[in-house]
Amino acid sequence: MSSQDTGPHVVVVIPTLNEKEATATIVERLDSLRPQQVSHHISVLYVDGGSGDGTLELLNTLTEQYAWLHLIRQSDKRGLGAAYAEGMNYAMSELKADFILEFDGDLQHNPDDIPQFLKYTEGYDYVIGTRFIDGGSIPDDWGLDRILLSKGGNLIARLALGAHHLHDITSGFKLSRVKGFLEEFDFSRLYSKRHAYKIHLLAFMLQRGARVKEVPIEFQAREAGESKLIKNDIVDTLRVLSLIRLKGV
Ligand SMILES: Nc1nc2c(ncn2[C@@H]2O[C@H](COP(=O)(O)OP(=O)(O)O)[C@@H](O)[C@H]2O)c(=O)[nH]1
Ligand SMILES: [Mg+2]
């Protein structure tokens, strides 16, 4: 038995929609990183939303090559939240995850940051990759509109949730404990199937009293592919915040 068979099982869930270039790089880098993380067992679960650019064919080949790599094939684009919900459910029920790490498939999240999340699986329930604390950053090429969207969205969400102690509510790079937390969440009532899913999950983790650790991340510029975030997601985020205020989590 290798040391990778001991320690908490962390499943990295990665949604993809037409991310062929990034996918090849991410899998290669995770393959190098896994053996170094001797205190944790790391598996990876891709959730592909019907990519037509060769990502799916690449993932089919890679899953045959690596036993630690798993793939859910969705037949069509159902939204980022729907992809994570399906991935998280599968990671818990089929892969028996102890922790789930949400990780985007476009290399805006840096695989080299993963070890700093794993450091806190003891003593914490929720580790949030944070762009707006010392050591964290957003891409240099972001225009004022994207900066305002991100910072403004964060401010509104912090106020609405009363989460004044948190610095990056809309971050998508997060590690969550399953036992007592994610296993208690009913994913069929997730308030959004899109990017705003993450605000509902965060509110749920806080309500359950998760011990939170913020770690700095440098959010990378997108080198290939396209963002699926659309202007409409602002309205969706406000809708989710309202639902949390009115109906709770
Ligand atoms: N399976 C699936 N993946 C998605 C969907 N929307 C976005 N993604 C993937 O989720 C990750 C984050 O999405 P992205 O559009 O980059 O969000 P942004 O970084 O906030 O602009 C990327 O790897 C996308 O390819 C979807 O509807 N289904
Ligand atoms: Mg992205």
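The values are calculated or read from the model by the stated rules, or taken from the named source; none is laboratory data. What you see is a predicted model; the values in this text were computed from it and never measured. Glycine also receives a Cβ, built like all others from the backbone with ideal geometry; neighbour counts cover every protein chain displayed.
Observations
- Long-range neighbours under 8 Å by Cβ, at least six apart or interchain, first residue at pLDDT 95 or above within the stretch 234-249, second part of a loop (DSSP other than H, G, I, E, B) and polar (S, T, N, Q): Arg239/Ser192; Val240/Ser192
- Residues (farther than 25 Å from Glu218 by Cα, in a helix (DSSP H, G or I) and near ligand 1 (Cβ under 10 Å from one of its atoms)) located in the stretch 68-111: Ala82, Glu86
- Restricting the stretch 219-234 to residues that are assigned to a helix (DSSP H, G or I) and surrounded by 11 or more Cβ atoms within 10 Å (Cβ to Cβ) leaves a set whose member that is farthest from ligand 1 (Cβ to nearest atom) is Ile234.
- Selected residue [within 16 Å of ligand 2 (Cβ to nearest atom) and either of a type in the set (Gly, Ala, Ser) or buried (at least 21 other Cβ atoms within 10 Å of the Cβ) (or both)] from Phe185, Phe173: Phe173
- For the condition surrounded by 13 or more Cβ atoms within 10 Å (Cβ to Cβ), within 15 Å of the chain's Cα centre (by Cα) and away from ligand 2 (no atom under 14 Å from the Cβ), Ile199 qualifies.
- Close pairs (6 angstrom Cβ cut-off, 6 or more residues apart or separate chains): of a type outside the set (A, V, I, L, M, F, W, C) in the stretch 53-71, buried (at least 17 other Cβ atoms within 10 Å of the Cβ) and part of a helix (DSSP H, G or I) anywhere: Asp53/Lys20; Gly54/Lys20; Thr55/Lys20; Thr55/Thr23
- Flag for Glu86 being over 21 Å from Ile234 (Cα atoms), charged (D, E, K, R) and surrounded by 17 or more Cβ atoms within 10 Å (Cβ to Cβ): yes
- Subset of the stretch 195-218 (residues that are within 12 Å of ligand 1 (Cβ to nearest atom) and assigned to a helix (DSSP H, G or I)): Tyr197, Lys198
- Any chance Gly7 is away from ligand 2 (no atom under 16 Å from the Cβ), touching a Ser or Thr at 6+ places or on another chain (Cβ under 6 Å), of a type outside the set (S, T, N, Q) and under 28 Å from Gly180 (Cα atoms): yes
- Among the candidates Leu101, Leu107, Leu80, residue that is crowded, with 19+ Cβ neighbours inside 10 Å, in contact (Cβ under 8 Å) with a residue 24 or more places away in the chain and under 17 Å from Ile42 (Cα atoms): Leu101
- For the stretch 224-249, a residue qualifies if it is basic (Lys, Arg) and more than 13 Å from ligand 2 (Cβ to nearest atom), and the qualifying residues are Lys231, Arg239, Arg245, Lys247.
- Any hit, the stretch 13-35, residues being crowded, with 17+ Cβ neighbours inside 10 Å, polar (S, T, N, Q) and within 17 Å of Gly172 (Cα to Cα): yes
- Unmet criterion (only one of (1) in contact (Cβ under 8 Å) with a residue 40 or more places away in the chain; (2) closer than 30 Å to Ile230 by Cβ) for Lys96: (2)
- Residue in the stretch 34-45 that is without any contact (Cβ under 8 Å) to a residue 40 or more places away in the chain and assigned to a helix (DSSP H, G or I) present: yes
- Leu149 satisfies every condition listed in (1) under 21 Å from Leu17 (Cβ atoms); (2) more than 14 Å from the chain's Cα centre (by Cα); (3) surrounded by fewer than 18 Cβ atoms within 10 Å (Cβ to Cβ) except (3).
- Matching residues in the stretch 158-186 - criterion: being within 16 Å of ligand 1 (Cβ to nearest atom) and either part of a helix (DSSP H, G or I) or closer than 17 Å to Val11 by Cα (or both): Gly172, Phe173, Lys174
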